[in-house]
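Written below as structure tokens is the structure these notes are about.
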Amino acid sequence: MSYNIFKNLRVGWMVFLCSILSFSPVFGQTANYPVADPHSVVKMGNVRFTVLTPDLIRMEWDSLQNFNDAASFVVINRQLPVPTFSKSVKRGWLSIKTSSLELSYKLNSGKFNRENLKIKYLNKTDAFTWVPGTKQMNNLKGTYRTLDGFNGDTHRTRKTKVPLEDGLLSTDGWTLIDDSQSLIFDNSDWPWVNKRVNNNAQDWYFMAYGKNYTAALKEFTLIAGKIPLPPRYAFGYWWSRYWSYSDNELRNLVGNFKKYDIPLDVLVIDMDWHNTDSLTSRHDEFGQKQQWTGWTWNKRLFSDPDDFLTWVKGNHLKTTLNLHPASGIAPYEEPYKRFAEKMNFDTLTHKNIPYEPTSKKFMTNLFDVVLHPMEKKGISFWWLDWQQWLNDKKIPELSNTWWLNYTFFTDQERNSDTRPLLYHRWGGLGNHRYQIGFSGDVVVSWASLNFQPYFTNCASNVLYGYWSHDIGGHMLTKDMKQELNPELYVRWMQYGGFSPIFRTHTSKSAVLNKEIWNFRGEYFDALYNSIHLRYQLSPYIYTMAREAYDTGISLCRPMYYSYSREPLAYTYKNQYFFGDDMLVCPITSAMQGGKSDLKLWLPKGNDWYEWCSGTLLKGGQEVNRSFSLDEYPVYVKAGSVIPMYNSSVKNLDENPQNIIIGVFPGGDGTANIYEDNGTNKDYATHFAITRVVSKVNSINRTQEITIYPREGQYQNMTLSRTYTIRLYGAEIPQEIKVNDRKLDFSLTVDSDKWNYDGNELAVNIFLPRDLCSTKQEIKISYSKKDSVNVNTGIKRVFKELTKLVLAKKFEDPAWIVPDYIGNCEETNLKLGYYPEQFYSLIQYFNSNFSKSLDDLNGMKKK
């Protein structure tokens, strides 16, 4: 894992971070420091230039010289360390030069245009000269507000393509952010929307980066704010369905999750939590379906909401409710009278108290009177479903989507004891500060699944890295077969496990039943495994989420972030990195002949471990691979160290005290395992890191793994922990020592012992429970006499043999298994039973498995 920012917790950036966080105003983790250091500013007449970084310059022209020092909706921070730069004036031209850029402007020549302004990028490899009006040739795109009604990338009725907005990155190597028309914030304790003084002014930000895309994203976070870290539970499984659930039904639902051993973290309750009786009959005075907006529990479904929420909390689950604020507060709502008193509203009219988004009084009362009491009773966060249509008459330019996202998230920052979380739609540049989006009501189709990986990857180009999709699709069209295709659902769930937010959802349909206990056989197994794998990878995912906070690099990221000069990185648009060490190649089409064939690209510079098959593949090649239903194309960078949980974890409410450290074959590796309280707001400074280093000596046939003492602290931090070291794709060790003490082999899972898992071809080393402040050194020695490559797909063949043997037995129960087939099929177990026979067992298997497969397939054909 190449996340290097945690290598030393004592370096200067931590001191700088802590000092910044002591300034004001601050919204939790979202700093608002709009006034730049005067030493970074060059002002001459009607122009002002602010050198923010060596690669990023703000350029303002204002005929009235009313230059804006307020935070805008996009840019909230300009108080950065002053970079080294020079300025000079020659023959009427102002020149500003940094180590990366040289800006020239003809003084007293008016608005910026191609005749009076130019910027040179001084990078020798990617040098260019930019002037205003230069058209970007290849923007790598950003995202879009919603995929409502889309079948893949095409709207099902309008037949238009998804109009992805331009993102922050382009192969041109530069980006101009025109902030001239962006609304601004006032200077109140809860900064509120304001208009600019001069709408004719120019306010531009020019960013140069060449092919260093990740540097550009990091620089954007410096001025536009970080991607807040969601609470840990947000990375678990979310159950959501548009359904008029009752308290009884939800209790039974959660009971089935427990019965079938399915982890769960979030219950999403759609709009039927409140009355929706008039939803389909008529519209109200605000143009909305009556009772589309609601603030009062439906007592026919939830007779005692307080008791229900207490029960939810007792099951270590979080709850979110669907909101549509459009119609304000109606007279039949429980909080109507109290709200009317606060607003001095005349209730004799028996009319709704209208929704007023730009009224601080209205929004403050909405939270204080209506929402905060519900939060105190157990609502964890809100789902802002309606946002899109209304424009405020006082400020017509204001996007309702943008503004609702801002007010809801910052209210939590200001008033909640826990880490803010919001579930909403994309409102435009700057909305990355408000975390999780939902992409909307897509058609249930392979085309929709095929579009979502690319859509998600592009969103990282505007830092909107936490898209949540309706996994499995939302709706069936009339021309479709009215059923849920189990293969499509499996592939969507497998992708969902490797997407930012793992949430199933569907329309109010009686046939789209996505509870996995409705499926049988291989479909159930694949769905079950996709959920459990998500939880297994949770510590890795959470570490990568912290990386997104610190660097602006999202969990799901395009290939060109790491391989910007490789043409294939732009060609394979659906492939993406899942954190630093995993490459995912989604399967988005139906199987042919029982297999999914996929052409994929493995970048050079590393070997790649195909996790599902146990095959170590060379990088720098395009390959054709095939996958059965229970397999998914996840490639782990050779040598990677991946922190994991074991199968005992059923939710992410707490930090488990048992950690698996997965070490993958093919080279050296490192990991920084991140942890914090999970829900606290002080994660910027209160967290801990455990560094793990794995080194392989191929000459001496040894491997050394060091778990360094944990550094840092946070509230309720456990002092001790049990580690399991899992060496994937490994031969049987000759000797294992922990802190110079030899460990014995055991057939069972015993502390201070080790065993061998033949299914994964993995060595499991069970360390005794110890203090996290203790350094632990594990030394593994392999035979110098014998050696064998077990990373050739043997793991996959084990499974194939077992399936074929089982199929033959069902075909002919009297069939007697031949010795050579039986011995091969039992190899996975024998490797764990008889470690001293490891090499002879593998040799026998390699000599006979092809014949076994051929003979079994031949019998099947007959």
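Things worth noting here:
- Filter result for Ser773 (within 23 Å of Ser647 (Cβ to Cβ), of a type outside the set (Val, Ile, Thr), open to solvent by 10 Å² or more (accessible area, probe 1.4 Å) and not in a strand (DSSP E or B)): no
- Screening Met475, Met559 for residues that are within 25 Å of Trp426 (Cβ to Cβ) and open to solvent by 10 Å² or more (accessible area, probe 1.4 Å) leaves exactly one candidate, Met475.
- Answer from Glu654, Glu631 - the residue that is in contact (Cβ under 8 Å) with a residue 24 or more places away in the chain, farther than 17 Å from Glu547 by Cα and either among the small types (Gly, Ala, Ser) or buried (at least 18 other Cβ atoms within 10 Å of the Cβ) (or both): Glu631
- Any hit, region 684-698, residues being over 30 Å from Asn315 (Cβ atoms), open to solvent by 20 Å² or more (accessible area, probe 1.4 Å) and assigned to a loop (DSSP other than H, G, I, E, B): yes
- Put simply, of Ser24, Ser19, Ser2 the only residue that is at pLDDT below 95, outside any loop (DSSP other than H, G, I, E, B), over 30 Å from Ser88 (Cα atoms) and open to solvent by 30 Å² or more (accessible area, probe 1.4 Å) is Ser19.
- Tally, over region 330-342, of residues that are surrounded by fewer than 19 Cβ atoms within 10 Å (Cβ to Cβ) and either out of contact with any helix residue (DSSP H, G or I) (no Cβ under 8 Å at 6 or more places or on another chain) or in a helix (DSSP H, G or I) (or both): 7
- Considering region 809-862, and only residues there that are charged (D, E, K, R) and in contact with a Leu (Cβ under 6 Å, 6 or more places away or on another chain), the residue that is nearest to Ser613 (Cα to Cα) turns out to be Glu825.
- Taken over region 727-760, the criterion of being open to solvent by 50 Å² or more (accessible area, probe 1.4 Å), of a type outside the set (A, V, I, L, M, F, W, C) and part of a strand (DSSP E or B) is satisfied by Glu735, Lys737, Arg741, Lys742, Asp744, Lys753.
- When each of Gly678, Gly669, Gly712 is tested for being under 22 Å from Ala638 (Cβ atoms), surrounded by 15 or more Cβ atoms within 10 Å (Cβ to Cβ) and touching a residue at least 24 places away in the same chain (Cβ under 8 Å), the lone residue that passes is Gly669.
- Looking only at region 532-578, and only at residues there that are of a type in the set (S, T, N, Q) and part of a helix (DSSP H, G or I), the one that is farthest from Phe220 (Cα to Cα): Gln536
- Meets criteria (surrounded by fewer than 15 Cβ atoms within 10 Å (Cβ to Cβ) and either touching a residue at least 60 places away in the same chain (Cβ under 8 Å) or in a helix (DSSP H, G or I) (or both)) for Ser852: no
- Scanning region 100-133 for residues that are within 34 Å of the chain's Cα centre (by Cα) and part of a loop (DSSP other than H, G, I, E, B) gives Ser100, Asn123, Thr125, Asp126, Ala127.
- Look at region 217-241: where a residue is touching a residue at least 24 places away in the same chain (Cβ under 8 Å) and on the phi > 0 side of the Ramachandran plot and a partner is hydroxyl-bearing (Ser, Thr, Tyr) and surrounded by fewer than 23 Cβ atoms within 10 Å (Cβ to Cβ), sitting 6+ places away or on another chain with Cβ atoms under 7 Å, you get Gly225/Thr30.
The values are calculated or read from the model by the stated rules, or taken from the named source; none is laboratory data. Since the model is a prediction, treat every value here as computed from it, not as a measurement. Reconstructed Cβ throughout: ideal geometry from the backbone, glycine too, with neighbour counts over all protein chains shown. These accessible areas exclude ligands, DNA and RNA; they are computed on the full protein's heavy atoms, side chains included. Shrake-Rupley method; radii C 1.70, N 1.55, O 1.52, S 1.80 Å.
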